[in-house]
Amino acid sequence: MKKAEILIVEDDLLTASVIQKYLTRYGYDVTAIAPNATETFKELEREKPDLILMDIFLRNSIDGIEIAQQIKDKYDIPIIYLTADSSEETIARAKITEPFGYLVKPVDSKILITNVELTIQKQLSHNNKILEALRIKNDELEQKVKERTSELMTTNQELKIEIRQRKLAEDALKKAERLATIGKMSAVLAHEIRNPLNSIKINADILLETLELTENKKRRLQIIQKEVNRLDNLVKEVLLYSRQVNLVMTEFNIYNLIENLTIQLKPHFEEKKIILKNNVEKINVKGDSEKLKQVFINLILNAVDAVSENGYIELYSDKINDNFNIYIKDNGCGIQDSEKVFEPFFTTKNLGTGLGLPISQNIIEQHSGIMKVINSKEGETVFCITIPI
């Protein structure tokens, strides 16, 4: 291990050479011998030693005590005075500079080396304490930075959640206001439309029952009846879409509900030779079973329309935290512009009203749930309904 580097400040070259020999013999490296203040500071600019042996009386220079004071103000280097002056006045001046030793010439080599060793050891201990204090402060600072970073990340995440919730609340409010407006308009329109529709339907029924008509004229009256029914269904759906209906909440098994629906809709599957798989977990949920039936009927019949003969429809589920997810998957033709499927009056069917999915979404949202398309392409369309358990 390399021993300390020492600068000797001494104007007596013979004395300095003897000291250098002592130090070299014990493995120390003497960086230079400086005879005055000017040379001392030059050496300090060139290389900073671990220790300075300082003579007090220097010819043609300020004395060693003044040099030591300047060194103390600028550098953190321990100093041992090595001088022939042992007067009380000089010692008192020297104390002000807080030296690590004060040796009077001629000094015994063992005493000199002992003082050097103690000073170096003391300085190393001092430096280690400083390093340890810096390490502790650095660790504390790093911990504070980590804590503050964590706090900022948490705050940022909370802010994102708050912004998202506020956006959802604003969207819900806009939707509620829009539905309220549509509700008022649809109520008026329903009254104005249903009265003439009822009159048309009654007269068409009477004509069919009382007149002797050709087959061609009968078909025309039947078309009138069919169109009247279609318009009446449209009015019903508009009213249903615009109203916030009261839910009748009960606890029921979601698997059993879907299983009963598959039996009810079996003729639709048999007509196109569709395989339907009910792999939904047998779990109890709380909700309005009649309204949820309406949602599943709508989604299943949409899937039936989308798939070709010998196609398949699968319902399956999973649980994430406190939410129950039900997936409706088919291998049909997919949906173009799947982002628009929940917009009122958007439809891909020739005879569709475009209100089935928006009504279904309203029902799920009234259950504090979410309904969305998670995938739609040719050969695979997947709807997901999420409701709280």
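The values are calculated or read from the model by the stated rules, or taken from the named source; none is laboratory data. For clarity, every value in this text was computed on a predicted model and none was experimentally measured. Cβ placement follows ideal geometry from the backbone for every residue including glycine, while neighbour counts extend to all protein chains displayed.
Values for this structure:
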item	result
Region 60-74 residues that are basic (K, R), paired with ones that are not in a helix (DSSP H, G or I) (beta carbon under 9 Å, 6 or more apart)	K72/I79; K72/T97; K72/E98
Residue within region 233-252 that is modelled with pLDDT under 90 and among the aromatic types (F, W, Y) present	yes
I335 modelled with pLDDT of 90 or more and closer than 16 Å to T381 by Cα	no
Residue match in region 359-369 (condition: surrounded by fewer than 13 Cβ atoms within 10 Å (Cβ to Cβ) and not β-branched (V, I, T))	yes
Failed criterion for D63 (all others in (1) surrounded by 14 or more Cβ atoms within 10 Å (Cβ to Cβ); (2) touching a strand residue (DSSP E or B) at 6+ places or on another chain (Cβ under 9 Å); (3) closer than 15 Å to T83 by Cα hold)	(2)
Candidates Q143, Q165, filtered to the one that is at pLDDT 85 or above, assigned to a helix (DSSP H, G or I) and either outside the structural domain of N362 (by TED's automatic domain parsing) or under 21 Å from the mean Cα position of the chain (by Cα) (or both)	Q143
Selection within region 97-119 - part of a helix (DSSP H, G or I) and at pLDDT 85 or above	K110, I111, L112, I113, T114, N115, V116, E117, L118, T119
In region 75-87, the residues that are of a type in the set (S, T, Y) and in contact (Cβ under 8 Å) with a residue 24 or more places away in the chain	Y75, Y81, T83
